[in-house]
Amino acid sequence: MAVPVPSSPRLSVVVPLYNEEDNVALLVGEIEAALTGWDFELILVDDGSSDATVARIPRHRWVRVLEFTRNTGQSAAMHAGIMAARGELIGLLDGDLQNDPADLTRLVAMIDQGADLACGWRAQRQDTWSKRWQSRIANAVRQHFTRDGVHDTGCSLKVMRRPCREALLPFNGMHRFIPALIAAAGYRVMEMPVHHRPRLHGQSKYNLANRAFRATYDLVGVMWLRSRQFSYSLKSSSPNETPSALPEQRLGE
């Protein structure tokens, strides 16, 4: 008899999918191999795919599938999966097989060492020259303004403690600013180099227009939000009232 998946697993892995019919079964197999012996769930969020992506998802007991009625975007798919996660930790990666699921356990180890959010850094990126150039410029501009300490915010491979998700606001472009939003909420963000692989199947969903121009537009909004934040700390008034585990809470005004 199959062992039921715990209602609160150690790790929830969230993967947004859009037209990845040739990748999804291979990805699920790689995640299963990477997390053998782990207490985990896999949340696949289909962002209105027009191909056979959903039909080709292996329906293991630890796989949960969320399906959008229409294509809404990577930020929406990622946010939906993160908010549906039941795990103590939440891992993120892309559905195109360019991220290596084996790196998830290395990022979890960084969490165990004190990070609240552990981010992957594609130090040896396996993409075309033009995509690397676009990302380098976008990351330099973002880093100049946000000072989030992350080289490669475009790398989807991340692991966070579940409370960090409360810092993530649902807006188009959110996925590019996860480190900045979480760092602004007072959490500790760390980064490590991870593997990156060339895309073998399907087509990239990004180009200069949606990678650089939209990211710059979103940056203005994120900077405005951060400029309007305030912080406060609580003092216990009785033995039954304790302040938050964080020294300060930062909220949008």
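Quick one: is L35 crowded, with 16+ Cβ neighbours inside 10 Å, without any contact (Cβ under 8 Å) to a residue 60 or more places away in the chain and touching a strand residue (DSSP E or B) at 6+ places or on another chain (Cβ under 8 Å)? The answer is no for L35. With respect to (1) crowded, with 17+ Cβ neighbours inside 10 Å; (2) at pLDDT below 90; (3) over 12 Å from the mean Cα position of the chain (by Cα); (4) closer than 24 Å to G95 by Cβ, the lone exception for R176 is condition (3). The set of residues from the stretch 140-156 being in contact with a Phe, Trp or Tyr (Cβ under 9 Å, 6 or more places away or on another chain) and modelled with pLDDT of 85 or more comprises just one member, C155. With respect to the conditions (1) over 23 Å from H195 (Cα atoms); (2) among the acidic types (D, E); (3) surrounded by 16 or more Cβ atoms within 10 Å (Cβ to Cβ), D22 falls short on a single one, namely (1). Within the stretch 63-88, residues that are crowded, with 17+ Cβ neighbours inside 10 Å reach partners that are of a type in the set (F, W, Y) and modelled with pLDDT under 95 with beta carbons closer than 7 Å, at six or more positions or on different chains, in the pairs S75/F171. Entry remark, the stretch 94-108: residues being in contact with a helix residue (DSSP H, G or I) (Cβ under 7 Å, 6 or more places away or on another chain) and surrounded by 20 or more Cβ atoms within 10 Å (Cβ to Cβ) number 4 in total.
Identification of strands (runs of 3 or more DSSP E) wholly contained in the stretch 25-106 with 1 or more residues that are among the polar types (S, T, N, Q) yields no element.
The values are calculated or read from the model by the stated rules, or taken from the named source; none is laboratory data. Being a predicted model, the structure only gives us computed values, none of them experimental. Glycine gets a Cβ as well: all are built from the backbone with ideal geometry, and neighbour counts include every protein chain shown.
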